[in-house]
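Student: Sharing a structure below in structure tokens format, with a few things to ask.
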Amino acid sequence: AQSVAQPEDQVNVAEGNPLTVKCTYSVSGNPYLFWYVQYPNRGLQFLLKYITGDNLVKGSYGFEAEFNKSQTSFHLKKPSALVSDSALYFCAVRDNTGGFKTIFGAGTRLFVKA
Amino acid sequence: DTGVSQDPRHKITKRGQNVTFRCDPISEHNRLYWYRQTLGQGPEFLTYFQNEAQLEKSRLLSDRFSAERPKGSFSTLEIQRTEQGDSAMYLCASSLEAGGDTEAFFGQGTRLTVV
């Protein structure tokens, strides 16, 4: 069965510092991996995805994520955090063996302090 | 078409009443998903449509819940005999799956409060 773990409920970082939001996954086949962001009273917004190819994926708003097959991880990163990055971040995984169900992690709240 | 729209945005209902939510996906998208999100949790998968066919229902979706997508366009999610435990944000998403995988685009959700 598919599963996603986001081990940190909250990440605090100072503006201008690099940020990392962690995600590990479990699927039976090769994974499709996604990151979404949710701002208060808003729906989920897609940030980036990994399907195949380059392990470093670049996405919206300067975010990137690194796929690591051996560690079954897909950590979200940004070189320099902004206060406006403060939000709830969700990692998600989908099994590429013909399933369509995307499973979400519990989310990590990112606080960026000025 | 600017995205996935959901109606209503908020619904307060008394326990035992029936409620229906509507989702209008992005027009060319053939897949439509319903998720439920409770406070502090990630979205939980409820059900999925490919065009008008409902292809999977989660075990979370009790027999009080029913979803339709009659013409492969908009979808409705009905909850009968609502319970306080049904209080949550109900999210709809759509995607275009044509020869490859693409991400799902989410609506802003319908927040249901059962009192």
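FYI, it's all coordinate maths here, none of it is from the lab. Predicted model only: the values in this text are computed from it and were never measured. With ideal geometry, Cβ positions are generated from the backbone for all residues, glycine too; neighbour counts draw on all protein chains shown.
Student: Could you work out, residue by residue across A:37-43, how many beta carbons of other chains sit within 10 Å of that residue's beta carbon, and then give the average as an integer?
Tutor: 4
Student: If you don't mind, there's one more thing I want to ask. Check each of the GluC sites (Glu not before Pro) in the stretch A:14-114 and keep only those in coil by DSSP with at most 15 other C-beta atoms within 10 angstrom; list them in order.
Tutor: Loop-located and lightly packed - A:E15.
Student: Calculate, for B:D63 and B:S5, the FRET efficiency according to 1/(1 + (r/R0)^6) with r their C-beta to C-beta distance and R0 35 Å; round to the nearest 0.05.
Tutor: Computed FRET efficiency for B:D63 and B:S5: 0.80.
Student: So how strong a dipole does the stretch B:1-69 carry about its Cα centre when Lys and Arg Cβ are +1 and Asp and Glu Cβ are -1, to the nearest 20 debye?
Tutor: 480 debye
Student: Could you work out, residue by residue across B:31-41, how many beta carbons of other chains sit within 10 Å of that residue's beta carbon, and then give the average as an integer?
Tutor: 2
Student: Can you pull the Kirkwood radius for chain B, inverse mean 1/r over Cα pairs, to one decimal in Å?
Tutor: 14.1 Å
Student: Here's something else I'd like to know. For the protein assembly as shown, what D do you get in µm² per second when you plug the Kirkwood radius from alpha-carbon pairs into Stokes-Einstein at 10 °C and 1.306 mPa s?
Tutor: 87 µm²/s
Student: Of the options B:T38, B:S95, B:Y48, report the single residue whose Cα projects farthest towards the positive end of the charge dipole of chain B (beta-carbon charges: Lys, Arg +1; Asp, Glu -1).
Tutor: Selected residue: B:T38.
Student: Now for a different question. Quick one: compute the contact order of the stretch A:17-108, relative version, from alpha carbon pairs under 8 angstrom and 6+ residues apart, as a percent.
Tutor: Reported as a whole number, the value is 36 percent.
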